[in-house]
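A quick write-up on the structure given underneath.
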Amino acid sequence: PFPGYLQLVGGSADAITFFVGSILFTAGGALQSWLAWEGWRSAEAGGRAAWWSAIVQSAGTLFFNVTTFTAMNDALSTKQEDIRVWAPDALGSACFLVASGLALAAVWSRRGAPWRIAWLNMLGSVAFMASALASFVLPSTGGLIDEPLANAGTFIGAVCFLVGAALMLPAWRAAVRAAGSTRRTVGEAT
């Protein structure tokens, strides 16, 4: 949905870009689920909600894989587009809203970076849902309900998720360092 990108690269390259992006998004969701597993196991405050948030978000990314893969087929009828492209997009967006709600529940009592990241993800999820709703293909015209809103919602949602991920980097680096020092300590003890 970046302004001018479609005109610059053409429809096929644009569709491939979205599909490759969805695969990277799914890889990020899987990594997030793996990192959240420790919180589930330790039953720390909010850990289970954070894990469920990651799992539901990962499910949403799988719906986006279906949407973006199917959207590469430009020979779909209007009805096929709504069933094969729009429906998984709407389901993925719903998963993101639920995941963002769970993430907010996990960090509600803590202010700071996790709280800001959870709100950024909620804003991104709302934007993705607005995009999904605006992307429904009208049988009467074959056009989207609101193409500018569909593009803007996708762009804003992606930016929110990207900024949220960037804000997570310092915590991720600290966790990697802590895991490395734990391994060295365990290795030295054996």
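The values are calculated or read from the model by the stated rules, or taken from the named source; none is laboratory data. Quick caveat, the model's predicted, so the values are computed rather than measured. We place every Cβ from the backbone using ideal geometry, glycine too, and count neighbours over all the protein chains shown. For accessibility, only protein heavy atoms count, side chains too; no ligands or nucleic acids. Shrake-Rupley method; radii C 1.70, N 1.55, O 1.52, S 1.80 Å.
Values computed for the structure shown
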{"item": "Where Val85 falls short, out of the listed (1) open to solvent by 40 Å² or more (accessible area, probe 1.4 Å); (2) among the aliphatic types (A, V, I, L, M); (3) in contact (Cβ under 8 Å) with a residue 12 or more places away in the chain", "result": "(1)"}
{"item": "Wholly within the stretch 61-159, helices (runs of 4 or more DSSP H) carrying at least 2 residues that are among the aromatic types (Phe, Trp, Tyr) and at pLDDT 90 or above", "result": "113-134"}
{"item": "Test: residue in the stretch 66-78 that is under 23 Å from Leu97 (Cβ atoms), open to solvent by less than 80 Å² (accessible area, probe 1.4 Å) and within 12 Å of the chain's Cα centre (by Cα)", "result": "no"}
{"item": "Sole exception among (1) open to solvent by 30 Å² or more (accessible area, probe 1.4 Å); (2) closer than 20 Å to Val98 by Cα for Gly153, by number", "result": "(1)"}
{"item": "Condition check for Val98: closer than 29 Å to Val176 by Cβ and in contact (Cβ under 8 Å) with a residue 40 or more places away in the chain", "result": "yes"}
{"item": "Conditions (1) open to solvent by 30 Å² or more (accessible area, probe 1.4 Å); (2) free of Cβ contacts under 8 Å to residues at least 12 places away in the same chain; number of the one not met by Leu138", "result": "(2)"}
{"item": "Residues satisfying the stated conditions in the stretch 144-179, i.e. in contact with a strand residue (DSSP E or B) (Cβ under 7 Å, 6 or more places away or on another chain) and without any contact (Cβ under 8 Å) to a residue 60 or more places away in the chain", "result": "Leu144"}
{"item": "Leading residue by the ranking (farthest from Ala152 (Cα to Cα)) among those in the stretch 125-135 that are crowded, with 23+ Cβ neighbours inside 10 Å and out of contact with any strand residue (DSSP E or B) (no Cβ under 9 Å at 6 or more places or on another chain)", "result": "Ser125"}
{"item": "Qualifying residues in the stretch 6-45 (those that are surrounded by 13 or more Cβ atoms within 10 Å (Cβ to Cβ) and of a type in the set (Phe, Trp, Tyr)) - the one modelled with the highest pLDDT", "result": "Phe19"}
{"item": "Flag for Arg48 being open to solvent by 60 Å² or more (accessible area, probe 1.4 Å) and within 21 Å of Ser135 (Cα to Cα)", "result": "no"}
{"item": "Residues (open to solvent by less than 70 Å² (accessible area, probe 1.4 Å) and among the aliphatic types (A, V, I, L, M)) located in the stretch 113-124", "result": "Ala113, Ile117, Ala118, Leu120, Met122"}
